[in-house]
Amino acid sequence: MKANNELFADVILPLPLQNLFTYEVPEKFRDCTLLYKRVTVSFGKKKLYSAIVVRLHGEKPTAYQTKEILEVLDDGPIITEEQYSFWKWISSYYLCSIGEVQKAALPSGLKLESETKVFINPQFEDYASVSPKEELVLQFIESRQIVTISEISNNAEIKSSLNILKSLQTKKAIVLEEKLKESFKPKTEPYVYLSTEYDSDEKLNNLFEDLHKAPKQMALVMGYITLSDYFKSQKRDVRQQDLLIKVDATSQILKALVDKGIFFIEQKEVGRIISEGNSGSKLKMLSPVQKQKFEEIKNSFNTKEVVLFHGVTSSGKTEVYIHLMKDEIEKGKQVLYLLPEIALTAQIIHRLRNVFGDDVGIYHSKFSDAERVEVYQKMLSDKPYKVILGVRSSVFLPYQNLGLIVVDEEHENTYKQFDPAPRYNARDVSIVLAQLYKSKVLLGTATPSIETYYNTKSGKYGLVELFERHKNLQMPEIIVADVREARRKKKMKSIFTPLLFSAVDESLANNEQVILFQNRRGFSPYLECTLCGWVPQCEHCAVSLTYHKHTNSLVCHYCGYTIRNPKRCSACGGTSLETRGFGTEKIEEEISLLFPDARIARMDLDSTRKKKAYETLIEAFQSHKVDILVGTQMVSKGLDFDNVSVVGILNADNMLNFPDFRAYERSFHLMTQVSGRAGRDKKQGKVIIQTSQPENEIISFTKNYEFLKMYHTQINERRAYRYPPFYRLINLSLKHKDHVVVTKAAKEMAVLMRQSFGKRVLGPESPVINRIQTYYIKNIILKVERERSFQRAKDILKDIIDQISMQESYKSLQVVADVDPM
């Protein structure tokens, strides 16, 4: 074949590699449209990967010998052109490879994993050379016939299986075969069909005659005729389960009819996403004030691509969002509605489906892989969802005609992906996504982030503000309870000040509900020996272990390391171990002792691990099956409960004292947001903030709802100390298992960075927790002025990282770049 007739494909491999890789397109695939489809390719030593074709050309690489594409996996494109442009931007901006973006963007069910399958070699006879351990492995393989390396490794009796397998392979006792495993399989269900032999009335009457002595079989046939609308021109498919339930028959009776050739059964592909059969259209009327703000937002969109909707809690922002969404859908556009927490989807989905029916799709990590694949594939179909409600990963779906993105609670740091790469902020990337589709972005919140509000003041974003609660409800009364003073006067009831205790007592007496907020899960942050001061530490991280009473264990919240609760001090052998501090578990226990008749529930990461846990908890609280809800920051985010009269913030000091330039801003956000859960119907709510720092200015700003004062204080500090929004930040985390190596590497990197960036470089410094999962950490921060080229700074930084990483002594060093860290 002549070189100029050769066809090559550039593909994205799902690996942390910077470049695209080129493969030759075999003759048999040249008539296919390969662009944006998944293909199977070989890379490295016998490893197979599913890659995505992003370019076709005739330019043969000169740097390496090309391999052929082995297989084409898709009938149609799996990504769109806009998605590919979006991926490239994220890769460039957030200093990661496009392969890492691909891994984050595609649901797991569409990623193929290379699994090495192990077979017994039937020609092998030299069993005398096999060791006892090798014989154990061979027996395990023989019992399964085909087995993967991971299955062998997970067998408790077999250790160091890779070395054993290598030895067995050398002896030619086993054969290894590399196969791609596709993790998504369409869901199928059995459907029942009447044989074509009975397609006339005469034949059907003869069948009834034959079955008159088998009444149960006759009932099944009659049930089928009813369910299928058999005598109508448009027959319906009949699901096996529905038929058996309708006539109360067993599968054995059905099998008898199948054996006779009367029925046959086919497996039919069905969706995992349950349709509620809701056509929607229950659109509520906007109040005069909401209508005014709706028009203001639409007018702002005439001149601005991004608009901030700053509305106090319970002002009816969601209803305004829904009317704006309705407008876009009537234009034939799609809408993305982003939320910071999965918990919020449980309430909002019902409001959206009342209006948009089954045109609403949901996308988040509590869905199974197969469910996420179905949503993804529907978005590629000719009938995609018109509305997607989801968390940050929803930005990666294949939209076809996106018209509006609503980012609710835009201030939330949970929009930021921390690990693994790409470390993107869904709020920020949604603005880039909107630019690709020439659509608009609405940022909504009661407590705007400093950066977003600054962008409105500088004219970059539009601003619409709503400071009136819906139905003229009063803002909650915020009372500050001095914990230090209550302790001095010995008036504390366990962890509750007299103010909070009496407020909870009064609320329960009035048959009202209470939310108690503590941003720390578990029972106690740590245990301490009262004799010598010993505190149990994680073996892998520089952090104390958190006590979880319900499992009687100590857990590391960074790596998951867990031990049983010790009975003795490991240092002095004493038995006097006491808990220090308190988390949501302890609050739950203490409140149940103080109010034994109250029904109490807890909402935190531990209590909401199951798929339906959020919905169950929220429904129970909403229907007043729960009197007191104890929770972490999950309870602060936009939940709408009509009967909450009291909110208690148990320990505001935890937030205020965190060593971060955003600590005061976040404290104001959290306290204001959780306060907004109180007094949402008929009467003014009450919020009790427990703190040892009642004089702190952020406590004062929160108490008096003084967002602008908080903003001006913080913006002046940010300007003085060169922080966002005046400077952009990149945080470099260097990680290594040897403290000496990481310290030396960090110093060398800081020297190289200062040669280019001068005083813009801070560090290296150890973070508050300087060892996580056995890796020691050093951080270096780069500050870049807004008016400087951020891309140029990142290019220089990439060269410096490469200089350090390519040194032999730093071969095992990990360098993680976090652009715009939160």
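The values are calculated or read from the model by the stated rules, or taken from the named source; none is laboratory data. Keep in mind that this is a model prediction, so the values were computed, not measured. Note: ideal-geometry Cβ built from the backbone for every residue, glycine included; neighbour counts use all protein chains shown. Side chains included, ligands, DNA and RNA excluded: accessible areas come from the protein's heavy atoms. Shrake-Rupley method; radii C 1.70, N 1.55, O 1.52, S 1.80 Å.
Pairing residues of segment 411-436 that are more than 27 Å from THR313 (Cα to Cα) with residues that are open to solvent by less than 10 Å² (accessible area, probe 1.4 Å) and among the polar types (S, T, N, Q), at Cβ distances under 6 Å and at least 6 apart in sequence or on separate chains, gives no pairs at all.
Taking residues in segment 695-716 that are at pLDDT 95 or above, and partners anywhere that are among the aliphatic types (A, V, I, L, M) and assigned to a helix (DSSP H, G or I), the pairs with Cβ atoms closer than 6 Å and at least 6 places apart or on different chains are GLN714/ILE450. When TYR230 is tested against (1) touching a Leu at 6+ places or on another chain (Cβ under 8 Å); (2) modelled with pLDDT of 85 or more, only condition (2) is not met.
Helices (runs of 4 or more DSSP H) fully within segment 415-524 that include at least 3 residues being open to solvent by less than 30 Å² (accessible area, probe 1.4 Å) and closer than 25 Å to PHE726 by Cβ: 426-437, 450-457. Put simply, of SER439, SER365, SER458 the only residue that is under 30 Å from LEU732 (Cβ atoms) and either without any contact (Cβ under 8 Å) to a residue 12 or more places away in the chain or over 20 Å from the mean Cα position of the chain (by Cα) (or both) is SER458. Being out of contact with any Ser or Thr (no Cβ under 9 Å at 6 or more places or on another chain), of a type in the set (A, V, I, L, M, F, W, C), within 27 Å of TYR424 (Cα to Cα) and surrounded by fewer than 23 Cβ atoms within 10 Å (Cβ to Cβ) is true of ILE349. Can we say ALA750 is farther than 30 Å from LEU656 by Cα, more than 32 Å from the chain's Cα centre (by Cα), surrounded by 15 or more Cβ atoms within 10 Å (Cβ to Cβ) and touching a residue at least 60 places away in the same chain (Cβ under 8 Å)? Spelling it out, it is not the case that ALA750 is farther than 30 Å from LEU656 by Cα, more than 32 Å from the chain's Cα centre (by Cα), surrounded by 15 or more Cβ atoms within 10 Å (Cβ to Cβ) and touching a residue at least 60 places away in the same chain (Cβ under 8 Å).
When you check TYR94 against the structure, is it modelled with pLDDT of 80 or more and over 30 Å from MET222 (Cβ atoms), yes or no? So TYR94 fits the description; yes. Picking from residues in segment 226-252 that are among the β-branched types (Val, Ile, Thr), surrounded by fewer than 16 Cβ atoms within 10 Å (Cβ to Cβ) and part of a helix (DSSP H, G or I), the one that is nearest to the chain's Cα centre (by Cα) is ILE245.
Could you please find all residues in segment 803-822 being open to solvent by 60 Å² or more (accessible area, probe 1.4 Å) and outside any strand (DSSP E or B)?
GLN803, MET806, GLN807, GLU808, SER809, LYS811, SER812
The criterion of at least 2 residues that are aliphatic (A, V, I, L, M) is met by the following strands (runs of 3 or more DSSP E) wholly inside segment 1-97: 8-12, 38-43, 47-57.
The residues of segment 753-775 that are touching a strand residue (DSSP E or B) at 6+ places or on another chain (Cβ under 9 Å), within 19 Å of GLN791 (Cα to Cα) and open to solvent by less than 50 Å² (accessible area, probe 1.4 Å), listed by number, are MET753, PHE757, VAL761. For PHE661, all conditions in the list (1) open to solvent by less than 10 Å² (accessible area, probe 1.4 Å); (2) under 29 Å from the mean Cα position of the chain (by Cα); (3) of a type in the set (A, V, I, L, M, F, W, C); (4) more than 22 Å from GLU585 (Cα to Cα) hold save one; what is the number of the exception? So PHE661 meets the others, but not (1). Only one of the numbered conditions (1) surrounded by 18 or more Cβ atoms within 10 Å (Cβ to Cβ); (2) of a type in the set (A, V, I, L, M); (3) farther than 15 Å from HIS411 by Cβ; (4) out of contact with any strand residue (DSSP E or B) (no Cβ under 8 Å at 6 or more places or on another chain) is not met by ALA720, and that is (1).
Considering segment 183-206, and only residues there that are in contact with a Leu (Cβ under 7 Å, 6 or more places away or on another chain) and closer than 17 Å to GLY261 by Cβ, the residue that is modelled with the highest pLDDT turns out to be VAL192.
Within segment 722-738, the set of residues being closer than 11 Å to GLU785 by Cβ and of a type in the set (Phe, Trp, Tyr) comprises PHE726, TYR727. Keeping to segment 32-47, report how many residues are open to solvent by less than 30 Å² (accessible area, probe 1.4 Å) and either touching a residue at least 60 places away in the same chain (Cβ under 8 Å) or farther than 19 Å from SER85 by Cα (or both). Residues that pass the stated criteria total 5. Is one or more of the residues making up segment 654-673 modelled with pLDDT of 80 or more, under 22 Å from PHE523 (Cα atoms), out of contact with any strand residue (DSSP E or B) (no Cβ under 6 Å at 6 or more places or on another chain) and β-branched (Val, Ile, Thr)? Looking through segment 654-673, none of the residues is modelled with pLDDT of 80 or more, under 22 Å from PHE523 (Cα atoms), out of contact with any strand residue (DSSP E or B) (no Cβ under 6 Å at 6 or more places or on another chain) and β-branched (Val, Ile, Thr). Keeping to segment 48-70, report how many residues are within 30 Å of VAL395 (Cβ to Cβ) and open to solvent by 90 Å² or more (accessible area, probe 1.4 Å). Of the residues in that region, 1 qualify.
Among the residues of segment 709-746, those that are in contact with a helix residue (DSSP H, G or I) (Cβ under 9 Å, 6 or more places away or on another chain), more than 30 Å from MET806 (Cα to Cα) and assigned to a helix (DSSP H, G or I) comprise LYS709, MET710, TYR711, THR713, GLN714, ILE715, GLU717, ARG718.
When each of LEU110, LEU95 is tested for being at positive phi, crowded, with 19+ Cβ neighbours inside 10 Å and touching a residue at least 12 places away in the same chain (Cβ under 8 Å), the lone residue that passes is LEU95.
Within segment 734-743, if we keep just the residues that are closer than 21 Å to ASP818 by Cα and not β-branched (Val, Ile, Thr), the residue that is surrounded by the most Cβ atoms within 10 Å (Cβ to Cβ) turns out to be LEU734. Just one of the listed residues (ILE780, ILE800) is modelled with pLDDT of 95 or more and assigned to a strand (DSSP E or B), and it is ILE780. Here are the criteria: (1) open to solvent by less than 40 Å² (accessible area, probe 1.4 Å); (2) among the charged types (D, E, K, R); (3) touching a Lys or Arg at 6+ places or on another chain (Cβ under 6 Å). Tell me which single one GLU590 does not satisfy. Status for GLU590: all satisfied but (3).
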